[in-house]
Amino acid sequence: MTVRWLALHFPALPLDLLGSGSEFPLAIVETRGGRSVIRLANPPARRRGVQPGSGVGGARALCAELRIRERDPPREAETLQRLAAWAWQFTSQLSVEPDALLLEVGRSARLFGGLPALTERVRVGLDRLGFTATSFLAPTAEGALRLARSGESGEAADLAELERRLGALPLAALPLDERARASLHDAGLRRLGDLLALPRPGLARRAGPDFLDWLDRLLGAAPDPRPPFTPPATYRGRLELPAEIAAVEGLLFPARRLVHELAGFLLGRQLGAQRLDWQLDHADRTPSRFSLGLARPDRDAERLLGLLRERLQRLELPAPVRALALAVDDLVPLAGCPLELLDGRAADRGLQLLERLRARFGRGAVTGLEVRPDHRPERAFAPCA
């Protein structure tokens, strides 16, 4: 079975956390050398001249309505962990890097109809979640990761093609210290391909033995073990909004990301959700909370979004919402089911109707009746779930 690593690099992760498709100018800033500079800017901000690396004051002079958000590395790391749990549906062998995910997809390719179909499903899923990723498929994990981080998209079918694609990487993209990089540059070496043409003893003297070990892992000459990712037992998702939302109707679009993220997590774990607990955060008020109960466990994203839409119709916001959070603790096994001999769609439609009525009117407004052993007719029945 051929080992194939799919590297997913997220170059705009700090911006994607807030929704890079926002219509208003938005920029992420970070501190460099005691000075706040622009790290990322969304398309509306770039169209007004805001560029990464510029100072905040200069950016505001170019775009007075620019909205500034500080980079949040802990949230980025948390989001990568959630994306890894979502990607568990494609493979059980994956690893989390500081700015990327590594998925070993060779073993699960047949399940999805081949590598092209699998990688397309990953791409479509990430687009639905709202994340921009550069992906590269290669025989080694380090090779796929380096090419994805360099902005390359595509595939290296074998080790020979991988070496050819890697040969174009500049020295700045290689794990070299400044002294070794300067020494190689002074010798007229500019790219990885130039280094691979050198005798190994000479390269070891200039770059060090650790660099040779890295080269062996890069080109598949040595094993490259990666810390495996283990999905959490329950789902926790949170989404900070780029701007406060005052209308209930506007909450459905950002909530879609969390629901699709949850659906991927459930599919990978072969679980179904029985109850979804939502929390809406406000600026100076206690968070608003509500739960969505399901008549039977499910993991279909569109069905869960339909229930949320029904519930939001009777929700009154005490204040604008600045963040959404979704927690799912009530999980039950939900493996694939065999086809029914008789058509069960009528019963399924009945359950869906029951869920929609409960979501719209509340659980207490939709009940059943149970018989009780009492001779008085008015006491012989009572509401039940």
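The values are calculated or read from the model by the stated rules, or taken from the named source; none is laboratory data. Since this is a predicted model, take the numbers as computed values, not measurements. Heads up, the Cβs are rebuilt from the backbone with ideal geometry, glycines too, and the neighbour counts pull from every protein chain shown. To get the accessible areas, we keep the full protein, side chains included, count just its heavy atoms, and leave off ligands, DNA and RNA. Shrake-Rupley method; radii C 1.70, N 1.55, O 1.52, S 1.80 Å.
Odds and ends about this structure:
- Theoretical ellipticity at 222 nm over the chain - DSSP helices of four or more residues, -39500 (n - 2.57) apiece, nearest 500: -11000 deg cm²/dmol
- Remark: C-alpha extents of the range 43-116 on the principal axes read 54, 27, 17 Å, sorted largest to smallest.
- Shape summary: the range 85-210 maps onto an equivalent ellipsoid whose semi-axes, from the alpha-carbon gyration tensor, are 33, 15, 12 Å in decreasing order.
- Accessible area of the range 211-302 belonging to carbon and sulfur atoms, whole % at 1.4 Å probe: 53
- Here the Gaussian network model covers the chain, with springs between Cα atoms less than 10 Å apart; of 16, 99, 210, 210 fluctuates the most.
- Globularity index of the range 183-257 is 2.16 (Cα radius of gyration / 2.2 N^0.38 Å, N = number of residues).
- Most fluctuating residue given options 70, 261, 316, as computed from a GNM of the chain linking Cα atoms under 10 Å: 316
- Using the 1.4 Å probe convention, the accessible area of the chain works out to 52 Å² per residue with neighbouring protein chains retained.
- Residue 178 exposes around 140 Å² of accessible area when a 1.4 Å probe is run over every protein chain in place.
- Taking the protein heavy atoms of the range 1-156 in the context of the full set of protein chains, the accessible area attributed to carbon and sulfur is 49 percent at 1.4 Å.
- When Rg and the Kirkwood Rh are both derived from Cα coordinates, the Rg/Rh ratio for the chain amounts to 1.07.
- Each Cα pair under 8 Å and six or more residues apart adds its separation to the average, and for the chain the resulting relative contact order is 15 percent.
- Nearest-0.05 FRET efficiency for residue 384 and residue 132, computed from C-beta distance (R0 56 Å): 0.65
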